[in-house]
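Shown next, in structure tokens, is the structure this report addresses.
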Amino acid sequence: MLSVTSMSPANSSMVSAPPAAPGEPVKRLLPWLVAVAFFMEALDTTILNTAVPAIAKALAVAPLSMKAVLSSYTLSLAVFIPISGWMADRFGTRRVFSSAIGLFTLGSFLCGISSNIHVLVACRILQGCGGAMMVPVGRITMVRTFAKSELIRAMSFVAIPGLIGPMLGPIAGGLIVGYFHWRVIFFVNMPIGLLGLYLVYRHLPDYREEHSHPLDTIGLILFGSGVALLSYVLEVFGEHTLSGRAITGLLLISAMLLTAYGLRATRTEFPLLRLTLFRIRTFRASVSGSYFTRLGIGGIPFLFPLLYQVGLGFTPIQSGLLMMPQALAAMSLKMTMPWILRRFGYRTVLVSNTLILGLLIVLFATIGPGTPVWLIVAQVFVFGFFTSLQYTSMNTLVYADVTEEQTSSASTIASTMQQMSISFGVATASLATAFFIPDRFHTSAPEMIHGIHLAFLALGALTVLSTIVFYELKNDDGDTVSLRKVLPHVG
């Protein structure tokens, strides 16, 4: 049972305190507060991409080695997101949310003063610990504060920073690298984080469970260790720092840890992740399809700056501008996405859209020194449009057939798998590129372009193959979410 210490949510039947809806000032400020957290995380995941070549040069490492800085953050999110709901129920949303913002801000400061790539990776992991709590706990607070009739409008407002962040990130990273110093990229989070901490203590409702279930500590150790070890193997696989026998051994250990967690999850009353949800067809297809699709798509933001700056010789600012059309296209889709799903249905959209994305990634292999800028912009814009449609479709299909009691667990699994796939997507893209570049420390521009082109072909083929996952869907799957009217079958 939930209790609230500072104010009661609108849907008061969920709490033990006397019903008293929060005042209008709180309802006006809460979405802004959660939006600040969403913006910090969305900006942080993209602002660094444009600065990869500059940071690599400053830290005296190869650009491809920077994948550890990118993937360590998203991997940390994947490992710690599963405990965010338990933390909020056990310690209260206000305390967890403020601690998350504090950790994220501290991690950002430490990243900015890092002197080598190993320290930078460690600080990015600390950032990820904070980020793992910010967004899920923010969503929990929103759901428990607003009545269902108000929730759609409130959550739509909160989702906007998730679109603005990726749009501003690349160009902001380019401007900072071009006119200031790469360390400023991390320092920009400082004033935002301090403002967020102030607003949390003034306006965030404090919800908590009176009787929370015990944390699956063993499950967290098994799952976190297995995922972290798997990510490490993917990171070093293309660097020839380990023998084939050592890599095979680490992969087996990782598989054993994840298998052990899978067995435990089916036998414990309160598992870290409720894997029984995968028995639901729509949930299974959306989560697994999202995972395999993102393996191909997730590494594209890592490859673009390398192609633009190292291969084609563009400045960081120009590189950031060339990445903006993808975010602009994603925002433009918000008005048309509901109509597309109502008109064609989830199965048709996901199968055809995944094929289109694979072909678009393959077309990126045609970008070279002679490619007009307007053509690059057009290709990236179209790719952003279909990428947004893919992500939105997969994310909403997750909840098509889950019950109200299963919603929290479904959201946790979906968020965890999404962050894992983003981390592994960067590793996959870097691994594919490393195979096709003979010497990553002394690579000429033509060799870099050729290697990235081959990586695009490999990732495009992987994306096309992921279409298989969506074929198990039925034509009417997800109609309760899309409100699609299916004509009666005439046999």
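The values are calculated or read from the model by the stated rules, or taken from the named source; none is laboratory data. Small disclaimer: the values here were computed from a predicted structure and weren't measured. Virtual Cβ from ideal backbone geometry, glycine too; neighbours counted across all protein chains shown. When the accessible area is computed, the model is the full protein with side chains, heavy atoms only, and any ligands, DNA or RNA have been set aside. Shrake-Rupley method; radii C 1.70, N 1.55, O 1.52, S 1.80 Å.
Tell me, which residue of the range 169-184 that is assigned to a helix (DSSP H, G or I) and surrounded by fewer than 20 Cβ atoms within 10 Å (Cβ to Cβ) is modelled with the lowest pLDDT? If we take residues in the range 169-184 being assigned to a helix (DSSP H, G or I) and surrounded by fewer than 20 Cβ atoms within 10 Å (Cβ to Cβ), then Gly178 is modelled with the lowest pLDDT.
Kindly indicate the residue of the range 279-299 that is in a loop (DSSP other than H, G, I, E, B) and touching a Ser or Thr at 6+ places or on another chain (Cβ under 9 Å) and also surrounded by the fewest Cβ atoms within 10 Å (Cβ to Cβ) among those meeting that condition. Of everything passing the filter in the range 279-299, Gly298 is surrounded by the fewest Cβ atoms within 10 Å (Cβ to Cβ).
The helices (runs of 4 or more DSSP H) found entirely in the range 370-484 include none that carry 2 or more residues being among the basic types (Lys, Arg) and at pLDDT below 80. Residue count for the range 382-427 satisfying the condition of being open to solvent by 30 Å² or more (accessible area, probe 1.4 Å) and not hydroxyl-bearing (Ser, Thr, Tyr): 11.
Of all the residues in the range 303-318, those that are open to solvent by less than 30 Å² (accessible area, probe 1.4 Å) and among the aromatic types (Phe, Trp, Tyr) number 2.
Look at (1) of a type outside the set (S, T, N, Q); (2) out of contact with any Phe, Trp or Tyr (no Cβ under 9 Å at 6 or more places or on another chain); (3) part of a helix (DSSP H, G or I) and you find that Gly313 fails only one, number (3). The residues listed here are Leu357, Leu321, Leu341; of these, the one that is in contact with a helix residue (DSSP H, G or I) (Cβ under 7 Å, 6 or more places away or on another chain) and open to solvent by 70 Å² or more (accessible area, probe 1.4 Å) is Leu321.
Considering every residue within the range 70-78, establish whether at least one is crowded, with 24+ Cβ neighbours inside 10 Å, in contact (Cβ under 8 Å) with a residue 24 or more places away in the chain and over 18 Å from the mean Cα position of the chain (by Cα). No: the range 70-78 contains no residue that is crowded, with 24+ Cβ neighbours inside 10 Å, in contact (Cβ under 8 Å) with a residue 24 or more places away in the chain and over 18 Å from the mean Cα position of the chain (by Cα). Residues in the range 364-378 that are over 14 Å from His450 (Cα atoms) and either in contact (Cβ under 8 Å) with a residue 40 or more places away in the chain or of a type in the set (A, V, I, L, M, F, W, C) (or both): Val373, Trp374, Leu375, Ile376, Val377, Ala378.
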